[in-house]
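Okay, structure first, notes after.
Here, each number is a calculation from the coordinates, and none is a lab measurement. Predicted model only: the values in this text are computed from it and were never measured. Heads up, the Cβs are rebuilt from the backbone with ideal geometry, glycines too, and the neighbour counts pull from every protein chain shown.
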Amino acid sequence: MSSPHPNLDALQRDGFVVIRNLLTPSEVEHYRTIATAATTKTRSGGWPHFRTVPKQFPPWPTTPPPASEGGIWGVQHLLHPDMPGREDFAKCYFSNSILAVAGELMGVSPDENNEPLVMELFNLLVAPETKDFELRWHRDDISEQASAEEEIRQLAP
């Protein structure tokens, strides 16, 4: 008998989830095209919301550094009204297939009167052009100085 929560089962068993064919090949091609356009715009200084190598956390500079210095590793605010492709990024992010997987992994499901799942911070992580860069493991809302006990307390429902 198959599980009603195969993605959650995989996450709990393996620590990660691989979801094949969530997007069609034509969707993958389309989103790759608009993501490339957003990255190119940002690298050329046409989009002010980015994250730069070698910094993991803000503040970031106001102009993107050249590729020779590492360039950028992220394009922020894909849903901003001035971001070209915003409508398509939103269509992907708020698609039923994405929301269903996110809801399954977080144990929430929308009902008729209240949608408990709130999606935000739709950003694009990109490979720097000339320098390797990796994000260290972190939790956005928990200080890196937190003890293991404090982290567990903050993660508790």
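Taking amide H atoms as placed 1.01 Å from N in the peptide plane, the amide H of W73 lies under 5 Å from those of R51, T52, V53, each 5 or more residues away in sequence or on another chain. Between S109 and A67, the contour length at 0.36 nm per residue exceeds the alpha carbon distance by 10.9 nm.
Inter-label distance, E27 to K131: 3.6 nm, where each label sits 7 Å from its Cα along the C-beta direction.
Per-residue packing, averaged as other Cβ atoms within 10 Å, sorts the ranges 17-23, 78-84 into the order 78-84, 17-23, beginning with the highest. Using R0 = 30 Å, the C-beta based FRET efficiency linking K55 and A10 works out to 0.35.
Report summary: the helix-based calculation at 222 nm, which adds -39500 (n - 2.57) for every DSSP H run with n ≥ 4 and divides by the residues of the chain, gives -10500 deg cm²/dmol.
Placing +1 on each Lys and Arg Cβ and -1 on each Asp and Glu Cβ, with no other charges, gives the range 6-155 a dipole about its Cα centre of roughly 620 debye.
Order these by the 10 Å Cβ neighbour count, fewest first: R153, R43.
Values: R153 11, R43 20.
Arranged by neighbour count, lowest to highest, R153, R43 become R153, R43.
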